[in-house]
1. Please go through segment 100-118 and give me each residue that is under 22 Å from residue 191 (Cα atoms) and either buried (at least 19 other Cβ atoms within 10 Å of the Cβ) or more than 20 Å from the chain's Cα centre (by Cα) (or both), ordered by number.
2. So if I check each of 146, 125, which one is in the same structural domain as residue 91 (by TED's automatic domain parsing), within 18 Å of residue 105 (Cα to Cα), modelled with pLDDT under 75 and part of a loop (DSSP other than H, G, I, E, B)?
3. In this structure, is residue 77 at pLDDT 90 or above, surrounded by 15 or more Cβ atoms within 10 Å (Cβ to Cβ) and within 25 Å of residue 208 (Cα to Cα)?
4. Test each condition in (1) touching a helix residue (DSSP H, G or I) at 6+ places or on another chain (Cβ under 9 Å); (2) part of a loop (DSSP other than H, G, I, E, B); (3) without any contact (Cβ under 8 Å) to a residue 40 or more places away in the chain for residue 46 and report the one that comes out false.
5. Just one of the numbered conditions (1) modelled with pLDDT under 85; (2) over 30 Å from residue 77 (Cβ atoms) is not true of residue 24; which one?
6. Can you name the condition, by its number, that residue 36 falls short on among (1) surrounded by fewer than 12 Cβ atoms within 10 Å (Cβ to Cβ); (2) modelled with pLDDT under 90; (3) not in a loop (DSSP other than H, G, I, E, B)?
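The values are calculated or read from the model by the stated rules, or taken from the named source; none is laboratory data. Note that the coordinates shown come from a computational prediction; the quantities given were computed from them, not determined experimentally. For neighbour counting, all protein chains shown are included, and Cβ atoms are generated from backbone atoms with ideal geometry for every residue, glycine included.
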């Protein structure tokens, strides 16, 4: 799954870059790339040299093939997720979708291998690096060690939740609100991703369900 997604991203980047060389640019996202590829089938469009259009056609075929494989894997993954109780419980956590939930369950296996949620978050590279000098402790950026795929899924999920809570006037989370009052949005996003990792570990470890009152009982 990870390799297929990387291949899809690489093909999208290559296609966008080739079109950009001729001044043809669209927004991010695979749907916008399809708009670019539609130009290859537009009769009378002379913005692309014939050889370039032919090479882009090859990339387009590869992209559509890989994209179809990604869809097939996602369908199978969703079916597995629906059949797994732990994965379903993880999905109840805001910011954890079926792909992230199933990826965590499959990758972690036995949660007892981690002594705490903090250790699990550290394994994912979601804890700050510590740098000490002159008796003073300084926290740097996250370590980014461990499983990069799950870390990215958690950060993407956290970004969606933090951004939505920040814009919403009616759906406020005090934990996130306090964090945003003291830290930039990106820092708050990583902090929530760290919180997601800890909540996920606790759910897997104890077999309980998501409880927002308990999950956000501590001050960030």
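1. Those that are under 22 Å from residue 191 (Cα atoms) and either buried (at least 19 other Cβ atoms within 10 Å of the Cβ) or more than 20 Å from the chain's Cα centre (by Cα) (or both): 100, 101, 102, 103, 104, 105, 108, 111, 114, 115, 116, 117.
2. Working: 125 fails: modelled with pLDDT under 75.
Just a single option satisfies the conditions, and that option is 146.
3. On the way: at pLDDT 90 or above: no; surrounded by 15 or more Cβ atoms within 10 Å (Cβ to Cβ): yes; within 25 Å of residue 208 (Cα to Cα): yes.
Judged against the criteria, residue 77 is not a match.
4. In the conditions (1) touching a helix residue (DSSP H, G or I) at 6+ places or on another chain (Cβ under 9 Å); (2) part of a loop (DSSP other than H, G, I, E, B); (3) without any contact (Cβ under 8 Å) to a residue 40 or more places away in the chain, residue 46 misses (1) alone.
5. (1)
6. Here residue 36 clears every test but (1).
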